[in-house]
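> The structure under discussion is supplied below as structure tokens; questions concerning it will follow.
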Amino acid sequence: MHMTVDFQELRVKMVDGQLRTTDVTNVDILTAMLALPREDFVPHNRRELAYIDEDILVAPAQDGRGSRYLMEPSPFARLVQLADIRRTDHVLDVACGTGYSSAVLSRVAGSVVGLESHPELVETATRKLADGGFTNVEVVEGVLVEGCPSRAPYDVILINGAVEEVPEVLFEQLKDGGRLVSVVGHGNAARAMFHIKEGGLVSARRAFNAAVMPLEEFRRAPAFEF
């Protein structure tokens with residue numbers, strides 16, 4: 001017999017067991033993640049895994065585009081908290097996948113642009129966000145490492161996955177006083193980084209260790225050696 005899963009109960013457990021225990025204290029973020037049906041943003045056969053404390057594959061790599069994962073709840077919530085988002089902020093969500101991250105951001109920001117390179121994920125995210133009534137989010141198809149200059153400048157840029165380095169072009173799309181949060185590095189050696197642009201200059205500080213799945217599109221091209 002098929003057991004019915006109480007997703008509401010799993011959401012409460014996620015917030016209490018994964019977020020509060022890792023110093024996620026921002027009430028708007030906790031409220032958003034308690035309300036949003038994360039199970040609707042993963043492939044149907046993985047719905048019951050939607051609240052586990054692991055990254056969940058939502059799209060395999062194809063046509064030169066890297067695989068896409070729904071980031072584990074705790075590092076994701078901590079990254080959003082790190083960005084110090086205000087109700088009036090215009091946010092770029094890089095590698096928005098199926099739209100879950102953009103949905104959370106839409107509850108804490110003024111407007112959100114979700115950037116995604118997989119055409120079918122753009123379609124999925126657009127549909128799911130429209131179905132959920134998220135009117136302050138727009139999903140755009142584009143090259144992740146190029147950002148979305150047509151909707152710039154941004155108060156906040158969040159990168160959904162680990163990168164080797166943050167491309168300069170993304171910092172160029174920040175407003176003065178704008179913040180960019182990302183996980184930089186590989187595996188357990190990776191760090192969540194907080195960048196802020198002030199007077200045209202970007203400074204960075206390490207925030208916390210975070211092992212999340214990499215975004216292959218941000219891999220550095222191997223240098224030519226003579």
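The values are calculated or read from the model by the stated rules, or taken from the named source; none is laboratory data. If you're wondering where the values come from, they're calculated on a predicted model, not measured in any experiment. Glycine gets a Cβ as well: all are built from the backbone with ideal geometry, and neighbour counts include every protein chain shown. Ligands, DNA and RNA are stripped out before the accessible areas are found, and what is left, the full protein with its side chains, is counted by its heavy atoms. Shrake-Rupley method; radii C 1.70, N 1.55, O 1.52, S 1.80 Å.
> What whole-number volume per residue, in cubic angstrom, does the convex hull of the C-alpha atoms of the stretch 5-51 give?
Cα-based convex hull of the stretch 5-51, divided per residue, equals 63 Å³.
> Same structure, new question: Pop the C-beta distance of Asp53 and Ala207 into the FRET formula with R0 = 25 Å and round what comes out to the nearest 0.05.
So, using R0 = 25 Å, E works out to roughly 0.85.
> Shifting gears a bit: Using the Cα centre of the chain as the reference point, and only Cβ charges (+1 on K/R, -1 on D/E), how large is the resulting charge dipole? Debye, rounded to the nearest 20.
480
> Work out the length of the dipole vector of the stretch 136-222 about its Cα centre, built from +1 on the beta-carbon of each Lys and Arg and -1 on the beta-carbon of each Asp and Glu, and round it to the nearest 20 debye.
The dipole of the stretch 136-222 has a size of about 380 debye.
> Which residue, Leu144, Phe76, Leu115, has the largest displacement toward the positive end of the dipole of the chain when charges sit on each Cβ (Lys, Arg +1; Asp, Glu -1)?
Phe76
> Give, as a single signed number, the net charge of other residues whose beta carbon lies under 13 Å from the beta carbon of Ala207, with Lys and Arg counted +1 and Asp and Glu -1.
Overall, the nearby charge balance is +3.
> Can you tell me what the convex hull of the Cα atoms of the stretch 56-121 projects to on average, as an area in nm²?
4.3
> For the stretch 83-226, which whole percent of the accessible surface, found with a 1.4 angstrom probe, sits on carbon and sulfur atoms?
Using a 1.4 Å probe with all protein chains present, the stretch 83-226 comes out at 52 percent carbon and sulfur.
> May I have the convex hull volume per residue, in Å³, for the Cα set of the stretch 131-226?
It comes to 150 Å³ per residue, whole-number rounded.
> Take the chain, connect every pair of alpha-carbon atoms lying under 10 Å apart with a spring to form a Gaussian network, then pick out the residue of Val58, Val169, Val139 with the largest mean-square fluctuation.
Maximum among the listed residues: Val169.
> Could you work out [θ]222 nm for the chain from helices alone, using -39500 (n - 2.57) per DSSP H run of at least four and dividing by all its residues? Round to the nearest 500 deg cm²/dmol.
-6500 deg cm²/dmol
> For an R0 of 35 angstrom, estimate the FRET efficiency from the Cβ-Cβ distance between Phe7 and Arg86 and round to the nearest 0.05.
Efficiency, from the Cβ-Cβ distance: 0.70.
> In whole percent, how big is the carbon plus sulfur part of the accessible area of the stretch 1-40, probe 1.4 Å, protein atoms only?
The value for the stretch 1-40 is 58 percent carbon and sulfur by accessible area.
> While we're on this one: Compute log10 of I(q)/I(0) for the stretch 101-187 with the Debye formula, placing one identical point scatterer on every Cα and leaving out solvent, at q = 0.11, 0.19, 0.21 Å⁻¹, to two decimals.
These q points yield log10 I(q)/I(0) values of -0.30, -0.91, -1.09.
> Moving to a separate point now. For the chain, calculate the relative contact order in percent as a whole number, restricting contacts to Cα pairs under 8 Å that are 6 or more residues apart.
16
> Same structure, new question: Pulled fully out, how much extra length does the chain show between Ser150 and Arg219, if you take 0.36 nm times their separation in residues and subtract their Cα-Cα distance?
22.5 nm
> In debye, nearest 20: dipole of the stretch 76-127 around its Cα centre with unit charges on the Cβ of K, R (+) and D, E (-)?
With Lys and Arg at +1 and Asp and Glu at -1, about 260 debye.
> Determine the principal axes of the Cα atoms in the chain, then give the extent along each, sorted from largest to smallest and rounded to whole angstroms.
The Cα atoms of the chain stretch 63, 39, 34 Å along their principal axes.
> A follow-up question, please. Leaving out same-chain residues fewer than 8 places away, which lysines sit with a Cα under 30 Å from that of Lys175?
Lys128, Lys197
> Could you pull out every residue, at least 5 positions away or on a different chain, whose amide H is within less than 5 Å of the one on Tyr154? Hs are placed 1.01 Å off N in the peptide plane, and Pro or chain starts have none.
Result for Tyr154 returns Leu174, Lys175.
> Further question on the same structure: Local charge sum around Gly99 (other residues, Cβ-Cβ under 12 Å, Lys/Arg +1, Asp/Glu -1)?
-2
> Further question: Residues of the stretch 66-154: accessible area per residue at 1.4 Å, in Å²?
Dividing the accessible area of the stretch 66-154 by its residue count gives 34 Å².
> Relative contact order (percent) for the stretch 1-111, with alpha-carbon contacts under 8 angstrom and 6 or more residues of separation?
26
> When all alpha-carbon pairs of the stretch 18-145 are counted, what percent fall beyond 18 Å?
Everything past 18 Å amounts to 50 percent.
> Then there is this: Let me check against my output: what whole-number percent is the relative contact order of the stretch 106-151, with C-alpha pairs under 8 Å and at least 6 apart?
50 percent.
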